[in-house]
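Structure first, then comments.
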Amino acid sequence: MTAFEEIAHVADIPISVNVHLDCITMTIREVLALRAGAVIKTTRAAGENVAILVGGAPIGSGEIVIMEETVGVRITDFMEEG
């Protein structure tokens with residue numbers, strides 16, 4: 001039996017996948033000034049590596065990519081139990 005077959009009964013349960021893009025410091029004044037549509041500038045650029053987390057645990061890494069007008073993450077390393 002494959003690993004996927006062993007967990008097939010829970011395969012459709014939604015889980016949160018987080019991508020840690022950046023961590024920046026802002027003043028309280030800057031945070032209070034944020035509104036819908038505001039842009040928070042980061043120090044990261046396309047092509048840089050980011051961590052991919054599930055339930056707070058790292059499961060892999062990827063690189064920031066720009067697709068048309070959308071930012072995405074291309075998985076470059078995926079941790080497999082072994």
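Quick look at the values:
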| item | result |
| --- | --- |
| Members of the stretch 6-34 found to be exposed (fewer than 11 other Cβ atoms within 10 Å of the Cβ), closer than 25 Å to Glu63 by Cβ and of a type in the set (A, V, I, L, M), listed by number | Ile15 |
| Selection count where residues are part of a loop (DSSP other than H, G, I, E, B), over 14 Å from the mean Cα position of the chain (by Cα), among the hydrophobic types (A, V, I, L, M, F, W, C) and under 25 Å from Ile75 (Cβ atoms), scope the stretch 6-34 | 3 |
| Cross-chain or 6+ apart pairs with Cβ under 6 Å, the stretch 31-46 first and in contact (Cβ under 8 Å) with a residue 40 or more places away in the chain, then in a loop (DSSP other than H, G, I, E, B) and polar (S, T, N, Q) | none |
| Odd one out for Val73 among (1) outside any loop (DSSP other than H, G, I, E, B); (2) at pLDDT below 90 | (2) |
| Of the criteria (1) modelled with pLDDT of 90 or more; (2) surrounded by 10 or more Cβ atoms within 10 Å (Cβ to Cβ); (3) in a loop (DSSP other than H, G, I, E, B), which one Gly37 fails | (2) |
| Residue identified as surrounded by fewer than 10 Cβ atoms within 10 Å (Cβ to Cβ) and under 14 Å from the mean Cα position of the chain (by Cα) among Ala57, Ala3, Ala46 | Ala57 |
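The values are calculated or read from the model by the stated rules, or taken from the named source; none is laboratory data. This is a predicted model, so every value here is computed, not measured. In this analysis, Cβ positions are derived from the backbone assuming ideal geometry, glycine residues included, and neighbour counts consider all displayed protein chains.
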